[in-house]
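A.B. asks: Got a structure for you, written out below as structure tokens; questions coming shortly.
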Amino acid sequence: MKLSSLFSEPYRKIAKDGLWDNNVVLTQNLALCPLLAVTGTATNGLGMGLATMVVMVASNAAVSFNRHLIPTEIRIPIFVLLIAALVTLVDLFLNAWMHELHKVLGLFIPLIVTNCVILGRAEAFASKQPLMPSMWDGFMMSVGFTLAMVVLGAAREISGAGTLFANASVLLGESFRFMELTIIPEYKGFLLMALPPGGFIMLGFMVAAKRLFDKKAAQKQTPGAVIESLQLAEQDS
């Protein structure tokens, strides 16, 4: 695949869907269990997001590559087995090479198997599309998910402890020490933001901000652009 093809219209649409229009967290409101549980800090959100990214890209690739060999009647159990095998590999890798991060993420790594986003993209996209678009879809969907987790974790960490990417060197390795920042010196902390209710509150602000931004962007559309989009929608239907 040529690099220039990533800038073609189909690939740009996949990227826009994953990052914004169909964002896993902000639009679909999926995967909220790991999102709210591990995003006490931006570091934890980044680690969980990267682990999910590996699984999603690999599962989309495996499903797309074998889509003509998988019987339609039993495709869902096969997808689940593929995802479970990939999650097991990621879990073993983190336990061996990033043990501190593995201890923090804990049960939520095996629970990636139950993440409906991964199974949903395998069923809705990868099982019907060629290999490269499927991998690109998995990558962009997981990037959007990771960004949402990092932003939520950063907001909770700054408001709750006054730091950003705390313990990044411990969880991710010494090469990540440069990420550790103290945003508010001598901050006493705000316990609510470190607890699950703080995650719900901050997530609500993020979803509201996205919807407000989308509403204002839609209002700025010119009448010609609106007519053109309606014509394209009619052609698609």
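The values are calculated or read from the model by the stated rules, or taken from the named source; none is laboratory data. These numbers were taken from a predicted model, which means no experiment stands behind them. Cβ sites come from the backbone with ideal geometry, for glycine too, and all protein chains shown count toward neighbours. Side chains included, ligands, DNA and RNA excluded: accessible areas come from the protein's heavy atoms. Shrake-Rupley method; radii C 1.70, N 1.55, O 1.52, S 1.80 Å.
Conditions tested, residue by residue: (1) assigned to a helix (DSSP H, G or I); (2) of a type in the set (F, W, Y); (3) over 13 Å from the mean Cα position of the chain (by Cα).
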| residue | (1), (2), (3) |
| --- | --- |
| Y11 | yes, yes, yes |
| P34 | yes, no, no |
| A51 | yes, no, no |
| L81 | yes, no, yes |
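A.B. asks: Follow-up question, since we're still on this one. Would you check which residues across the range 159-175 are out of contact with any Phe, Trp or Tyr (no Cβ under 6 Å at 6 or more places or on another chain), buried (at least 20 other Cβ atoms within 10 Å of the Cβ) and in a helix (DSSP H, G or I) and list them?
C.D. replies: Within the range 159-175, A161, L171 meet the criteria.
A.B. asks: Now, a different point. Have a look at T114, T52, T72 and point out the one that is within 19 Å of V38 (Cα to Cα), open to solvent by 70 Å² or more (accessible area, probe 1.4 Å) and of a type in the set (V, I, T).
C.D. replies: T114
A.B. asks: What's the total number of residues in the range 128-150 that are surrounded by fewer than 20 Cβ atoms within 10 Å (Cβ to Cβ) and over 11 Å from the mean Cα position of the chain (by Cα)?
C.D. replies: Selection size over the range 128-150: 6.
A.B. asks: G106 passes all but one of (1) touching a helix residue (DSSP H, G or I) at 6+ places or on another chain (Cβ under 6 Å); (2) on the phi > 0 side of the Ramachandran plot; which number fails?
C.D. replies: Tallying (1) touching a helix residue (DSSP H, G or I) at 6+ places or on another chain (Cβ under 6 Å); (2) on the phi > 0 side of the Ramachandran plot, G106 fails exactly one: (1).
A.B. asks: Test of understanding: among L152, L147, L92, which residue is among the aliphatic types (A, V, I, L, M), farther than 27 Å from D21 by Cβ and assigned to a helix (DSSP H, G or I)?
C.D. replies: Being among the aliphatic types (A, V, I, L, M), farther than 27 Å from D21 by Cβ and assigned to a helix (DSSP H, G or I) holds for just one of L152, L147, L92, which is L92.
A.B. asks: A further question on this structure: Taking only pairs six or more apart or across chains, which ones have beta-carbon atoms under 7 Å, a first residue in the range 57-78 that is closer than 20 Å to I112 by Cα, and a second residue that is of a type in the set (K, R) and surrounded by 10 or more Cβ atoms within 10 Å (Cβ to Cβ)?
C.D. replies: N60/R121
Table: residues versus (1) aliphatic (A, V, I, L, M); (2) open to solvent by less than 10 Å² (accessible area, probe 1.4 Å); (3) assigned to a helix (DSSP H, G or I); (4) at pLDDT 90 or above.
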residue	(1), (2), (3), (4)
Q28	no, no, no, yes
T43	no, yes, yes, yes
A61	yes, no, yes, yes
S64	no, yes, yes, yes
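A.B. asks: Tell me the residue from E100, E123 that is surrounded by fewer than 16 Cβ atoms within 10 Å (Cβ to Cβ), touching a helix residue (DSSP H, G or I) at 6+ places or on another chain (Cβ under 7 Å) and closer than 21 Å to V24 by Cα, please.
C.D. replies: From the options E100, E123, the qualifying one is E123.
A.B. asks: Say whether the condition of being out of contact with any strand residue (DSSP E or B) (no Cβ under 7 Å at 6 or more places or on another chain), at pLDDT below 95 and aliphatic (A, V, I, L, M) is met by at least one residue in the range 138-147.
C.D. replies: No, the range 138-147 contains no residue that is out of contact with any strand residue (DSSP E or B) (no Cβ under 7 Å at 6 or more places or on another chain), at pLDDT below 95 and aliphatic (A, V, I, L, M).
A.B. asks: Mind checking which pairs have a first residue in the range 185-203 that is under 11 Å from E157 (Cβ atoms) and a second that is among the basic types (K, R), Cβ under 6 Å, 6 or more apart or different chains?
C.D. replies: M193/R156; G198/R156; M202/R156
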